1. Show the residue pairs that are 6+ apart or on different chains and have beta-carbon atoms under 6 Å apart, the first residue being within region 122-149 and outside any loop (DSSP other than H, G, I, E, B), the second being aromatic (Phe, Trp, Tyr).
2. With region 220-302 as the region, which helices (runs of 4 or more DSSP H) entirely inside it contain at least 1 residues that are out of contact with any strand residue (DSSP E or B) (no Cβ under 9 Å at 6 or more places or on another chain), acidic (Asp, Glu) and exposed (fewer than 15 other Cβ atoms within 10 Å of the Cβ)?
3. Of all residues in region 78-93, which are in contact (Cβ under 8 Å) with a residue 40 or more places away in the chain and part of a helix (DSSP H, G or I)?
4. Among the residues that make up region 197-208, is at least one of them in contact with a Ser or Thr (Cβ under 6 Å, 6 or more places away or on another chain), touching a residue at least 60 places away in the same chain (Cβ under 8 Å), at positive phi and among the aliphatic types (A, V, I, L, M)?
5. Within region 128-143, is there a residue that is touching a helix residue (DSSP H, G or I) at 6+ places or on another chain (Cβ under 7 Å), crowded, with 19+ Cβ neighbours inside 10 Å, among the aliphatic types (A, V, I, L, M) and farther than 17 Å from Glu193 by Cα?
6. If we scan region 94-109, do we find a residue that is in contact with a helix residue (DSSP H, G or I) (Cβ under 8 Å, 6 or more places away or on another chain), at pLDDT 95 or above, surrounded by 18 or more Cβ atoms within 10 Å (Cβ to Cβ) and part of a helix (DSSP H, G or I)?
Amino acid sequence: MANQSDADPQTFDIKSVGVIGAGQMGSGIAHVCALAGLDVTLVDVSAEQLEKSLGRIAHNMDRQISHDKIVAADKDAALKRIRTATDYAKLGDCDMVIESATENEAIKREIFKDLCPALKPEAIICSNTSSISITRLAAVTDRPERFMGMHFMNPVPLMKLVELIRGIATDEPTFKAIRELTLKLNKTPATAEDFPAFIVNRILLPMINEAVYTLYEGVGSVESIDTAMRLGANHPMGPLELADFIGLDTCLAVMQVLYDGLADTKYRPCPLLVKYVEAGWLGRKAGRGFYDYSGDKPVPTR
């Protein structure tokens, strides 16, 4: 492959994007890319999940229409720009690919190994990881200089921030191209160094973990802890409610990355958080976490 400095500058005019993973985050990324006029190929191992994703995207665009954020013509045009696939071969013409699979390093590494042979040499790869080393992930690819982190916030269509993380090998043209793409998506970039959990989750997840410890130690109930932080710290959502929204498995995964990567006991995941995940009580997506979502109104489970 040619050196980065020899590459055609047009390589970095990103017009087509691949998104791997049709869950909540991947759907949101596909949503904003399509609205920004990019051609999107959404890939997932499950055809059923892809259908659900398209339904979720259409529903969320309808909500934007109802709030006068977009018009019906924007929705129609954006949906026509999204195609779906269950294999990486369909990503061969993409200018860049964003991986948004589950927050598991082994799974992500396998994805990148399988993905690289399908891509054109100049394609950029980004990971939407919320905590895992970009340098380590890049090292399993054939293009570490064209690899970086692009961490969107959830829910993607509403949240303005995107953390941009360079690995040790990420070159300047790649960073500039992804920064320009971030602005094109009407998002605000924040540059973070490649340390465990970057900026947002380095600060946010220990707070959530401490809230779980506060519950675990009986300092307060679910309801009192969330009420205290909503009204006492002016947070829009209590930390346990937020944990359910993020997914308790994701919260635990980030805390484990922090604990393993920084070797500091202050990042030790709370045993109660571990227990909830082991029980399959993963939050909203599972119907139960720190709240039970089976009724009309969420009910605390402790």
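The values are calculated or read from the model by the stated rules, or taken from the named source; none is laboratory data. All figures in this text were calculated on a predicted structure; none of them were measured in a lab. Cβ coordinates were reconstructed from backbone atoms using ideal geometry, including for glycine residues, and neighbour counts include every protein chain displayed.
1. Listed pairs, sorted by first residue: Ile125/Phe147; Ala138/Phe147.
2. Ranges flagged: 248-262, 271-278.
3. Of everything in region 78-93, those that are in contact (Cβ under 8 Å) with a residue 40 or more places away in the chain and part of a helix (DSSP H, G or I) turn out to be Ala78, Leu79, Tyr88, Lys90, Leu91.
4. yes
5. no
6. Scanning region 94-109 turns up at least one residue that is in contact with a helix residue (DSSP H, G or I) (Cβ under 8 Å, 6 or more places away or on another chain), at pLDDT 95 or above, surrounded by 18 or more Cβ atoms within 10 Å (Cβ to Cβ) and part of a helix (DSSP H, G or I).
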